[in-house]
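Have a look at the structure below, then the notes.
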Amino acid sequence: MVSSRSWRRRTAAVGVVVLGGTLLAGAPAGAEGPEQISNGTFDSGHAPWWATGNLTLDSSSGQLCADVPGGTVNPWDAIIGYDNVPLVAGETYAFRFFGTATPAKVGKALIQLPVDPYTQYLSASPELSVSGNDYTYTFTSSVSLPNAQVAFQIGGSADPWRICLDNISLRGGAEPEVYEPDTGPRVRVNQVGYLLHGPKKATVVTDATTALPWQLKNAAGRTVAAGTSTPRGVDVSSGQNVQTIDFSGYARKGSGFALVADGETSRPFDIGSDFYERLRLDALKFYYTQRSGIAIDDALRPGYGRPAGHVGVAPNQGDTSVPCQPGVCDYRLDVSGGWYDAGDHGKYVVNGGISVHQLMSTYERSRTAGSLSIPETGNRVPDILDEARWEQEFLLRMQVPAGRPHAGMAHHKIHDAAWTGLPLLPHLDPQPRELHPVSTAATLNLAATAAQAARVFKPFDKRFAQRNLAAAKAAWAAAKADPARYADPADGVGGGAYNDDDVTDEFYWAAAELYITTGEREFRDAILASPHHTGDIWRDRGFDWGHTAQLGRLQLAMLPNKLPDRHRVRASVVAGADRYLATQRAHPYGIPYAPAENTYDWGSNNLILNNAVVLAAAYDLTHKDRYRDGVLETMDYILGRNALNQSYVTGYGEVASENQHSRWYANQLNPDLPNPPRGTLSGGPNSSIQDPVAQQKLQGCAPQFCYIDDIESWSTNELTINWNAPLAWIAAFVADRGDR
């Protein structure tokens, strides 16, 4: 989810090859190179093609066919392969084949390194039909390699099926494929809507350097407002010459509005407020279908029902009695429940910590959230707290019991012993589960969230509140006794590493939560002694699971406490908001995010939203509209006013992300599975483009264009619990303010 998570996480495959072969010289530009598949027509057998032991290859029909058994779990559980394919760095290749599937299936066609880490130079997911189709893919090799492997990964189906392949070809000298995203009309708007009494701005992409006339048209096509745009020059985050349209003066509710400028008509949008109330609920409803250890009720989430994951029902090995990695501990823990972190089946304390904190913080801010239609609805506890409790119970279970080494500390994470493939429903995951070593960072996340839970749950469940406070104090003491036990950055097999070698910010956040809850001197003194208490913590890149001092500062500013310099703390939040507001005003797309070196981070959308959280906090502290307006402009970017002209929230906007990286919201790979639910945020543009799909299509991208809505693009298009948390927080803030 962030760059420290190993890029190897989803490139795993199986197969053993003999190294060897001869490199071929690259073909002259424009000239087709020699055929590198010696037998792709199967006119006289199928050697040297091979298959995994569960397949029998048959070329008697002049095609290469195989019956794929049902019940396989991962794509690489069944493979048809061809070894020793030479690649030349910088050469562009055309990979072609004909394929059928009975019944229709989505397969995976790869050209990759044949040994660990199985780096993929081409990754495609052809939709194979019964009647058959020809497929052509191009890629430019980043390496010179004598022994690349062609692999058709065809496992992962519960039911048996048959595949046939023919006319398989790989030749150099191809024209490089240039990926051109469809960005639609050059007038970019918030495709969901604008508040009646809020800012209403849009961006027009144009070659013009002088002001342009614009018209706002209603659903009937009648012009209801008009004006001229403001030239902004070239936006460095997109490489586009742009102008700003400001139609804030129009204040009538309606649907189906559009802006017209420079001969272009924008995508439609509404003016009103109801959509933010829906988004508040949808962003929170995301968490129920991320739950581990409970069956998801299809009556509550039509189309998303599934059996309980990781409860020990075969082939699942379950989370109710999980051992540590070898040599880490000699006990087992029940670490069931909680939320799956992202598109995989791992659960991580440091990512769960900020996520459950922001849900509880959403409740602390407004005390309202509405019905989430979850199993606990109607139990006289706010639904948002019931959902948060599902994760908090898991975090408590990750604490080392009394009497054991490192008692009071928290295990950093629990996940599979090896990576699994896509798609894979949680209850079908066959991998052994492992507890990973304790870490100071995880322990302080537990201290912070448990201290917060102790106060928010006290009116509803005093016993649970007391349990949390005891756990928080034990975690604090354990972290103080072992302040530098860091997660291993190399521990990234089967799950992300989530390593962090500076936990002074976690100490500050935990001390703040404990002080707000207890008022005790020890925690006040820890706050005042922390360098983060008076330091400049307002990063241009925002805060996240690895940078949590901002959480402590925000809580101390927003919640009642007797800190002696609380007035200064509150002023510092406003100063941070002013910095983000200045960034936003200078940005042609109105984003409070302009990272150094013009490089967008992994999960940039979450960082942008967390900067908006600071703006919202400043509004709550000052009641000055400019901060509320800054939040609304930030949401304009998330919901469509961006270089790609798309919403990053599933189900919101005419064109929106819908293929986020997930093993169970995997409709792109299996039509029987759903897309992510409404209200799911995509991670968004990431300049580092670590995954093969992004590397194939997005090389040289301007920051805002470093994104593709493809399920295999885990570095730009993942979904995560900590990315939806600020979306829910901000949606709640806007819904609470409405048109006031």
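Please give the net charge around G71, taking every other residue with its beta carbon less than 10 angstrom from that of G71, where Lys and Arg add +1 and Asp and Glu add -1. Mind showing how you got there, number by number?
Values: positive: none; negative: D77, D159.
So the environment of G71 carries a net charge of -2.
Please work out whether region 130-191 counts as rounded, prolate or oblate from its C-alpha gyration tensor, where a ≥ b ≥ c are the square roots of the eigenvalues and a/c under 1.5 means rounded, while otherwise a/b larger than b/c means prolate and anything else oblate?
Details: a/c = 2.28, a/b = 1.33, b/c = 1.71.
It is oblate, given that a/c is not under 1.5 and a/b is not larger than b/c.
Among the trypsin sites (Lys or Arg not before Pro) within region 597-630, which fall in a DSSP loop and have no more than 13 other Cβ atoms within 10 Å of their own Cβ?
Loop-located and lightly packed - K624.
Once you have a ≥ b ≥ c as the square roots of the Cα gyration tensor eigenvalues for region 376-473, tell me rounded if a/c is under 1.5, and otherwise prolate or oblate according to whether a/b is larger than b/c.
Oblate, because a/c is 1.5 or more while a/b does not exceed b/c.
If the cut-off is a Cα-Cα distance under 14 Å, which aspartates and glutamates reach K201, setting aside same-chain residues fewer than 8 apart in sequence?
The reachable aspartates and glutamates, counting only those whose Cα sits under 14 Å from K201, are D246, D270, D629, E633, D636.
Could you tell me the center-to-center distance, by alpha carbons, between region 586-605 and region 216-285 in angstrom?
Computed from Cα coordinates, the inter-centre distance equals 21 Å.
Using the Kirkwood radius over C-alpha pairs as Rh, can you work out the diffusion coefficient of region 318-405 via Stokes-Einstein at 37 °C, viscosity 0.692 mPa s, in µm² per second?
This corresponds to a translational diffusion coefficient of 224 µm²/s.
Amide H neighbours of V68 under 5 Å, counting only residues 5+ apart in sequence or on other chains, H built in-plane at 1.01 Å?
W161, R162, I163
Which net charge results for the neighbourhood of R332, defined as the other residues with beta-carbon distances under 14 angstrom from its beta-carbon, given Lys and Arg at +1 and Asp and Glu at -1?
Neighbour charge sum, excluding R332 itself: -1.
How large is the accessible surface per residue of the chain, computed with a 1.4 Å probe and reported in Å² as a whole number?
Using a 1.4 Å probe on heavy atoms only, each residue of the chain averages 35 Å².
Where in region 423-438 is the amide nitrogen less than 20 Å from a point lying 7 Å along the Cα-to-Cβ axis of D501?
The answer is 437-438.
Counting only protein heavy atoms, what percent of the accessible surface of the chain is carbon or sulfur at a 1.4 Å probe?
51
Enumerate the lysines that K462 could reach by cross-link, defined here as Cα to Cα under 23 Å, with residues fewer than 8 away along the same chain left out.
K473
Please report, in whole Å³, the volume per residue of the convex hull around the C-alpha atoms of region 474-534.
Values: hull volume 6.3 nm³, N = 61.
In region 474-534, the Cα convex hull volume per residue is 103 Å³.
Along the Cα→Cβ direction, 7 angstrom out, place labels at S144 and A470. What is the inter-label distance in nm?
6.7
Considering only Cα-Cα distances, which of the following residue pairs are longer than 24 Å: K217/K253; K458/K624; K458/K562; K413/K697; K108/K413; K285/K697?
Distance filter (> 24 Å) returns K458/K624; K413/K697; K108/K413; K285/K697.
Name the residues whose placed amide hydrogens come within less than 5 Å of the amide hydrogen of S647, ignoring near sequence neighbours (fewer than 5 apart) on the same chain.
For S647, the qualifying residues are V655, A656, S657.
Run the quick spin-label model on S373 and R278: label points 7 Å from Cα toward the beta carbon, then report their separation in nm to one decimal.
Here the answer is 1.3 nm between the modelled labels.
For region 422-518, compute Rg over Rh where Rg is the Cα radius of gyration and Rh is the Kirkwood radius from the inverse mean 1/r over Cα pairs.
That ratio is 1.08, to two decimals.
By its C-alpha gyration tensor, with a ≥ b ≥ c as the square roots of the eigenvalues, how is the chain shaped: rounded for a/c under 1.5, else prolate for a/b larger than b/c, else oblate?
It comes out oblate by the Cα gyration axes.
Under the Karplus relation 6.51 cos²θ - 1.76 cosθ + 1.60, θ = phi - 60°, what is the ordered set of whole-Hz ³J(HN,Hα) values for region 162-177, x standing for Gly and Pro?
Karplus-based 3J(HN,Hα) across region 162-177 equals 10, 10, 10, 10, 7, 6, 7, 9, 9, 9, x, x, 6, 6, x, 7 Hz.
The values are calculated or read from the model by the stated rules, or taken from the named source; none is laboratory data. From a predicted model like this one, the values you see are computed outputs, not experimental measurements. Note that each Cβ is placed from the backbone with ideal geometry, even for glycine, and that neighbours are counted across all protein chains shown. These area figures cover heavy atoms from the full protein model, side chains too; ligands, DNA and RNA do not enter into them. Shrake-Rupley method; radii C 1.70, N 1.55, O 1.52, S 1.80 Å.
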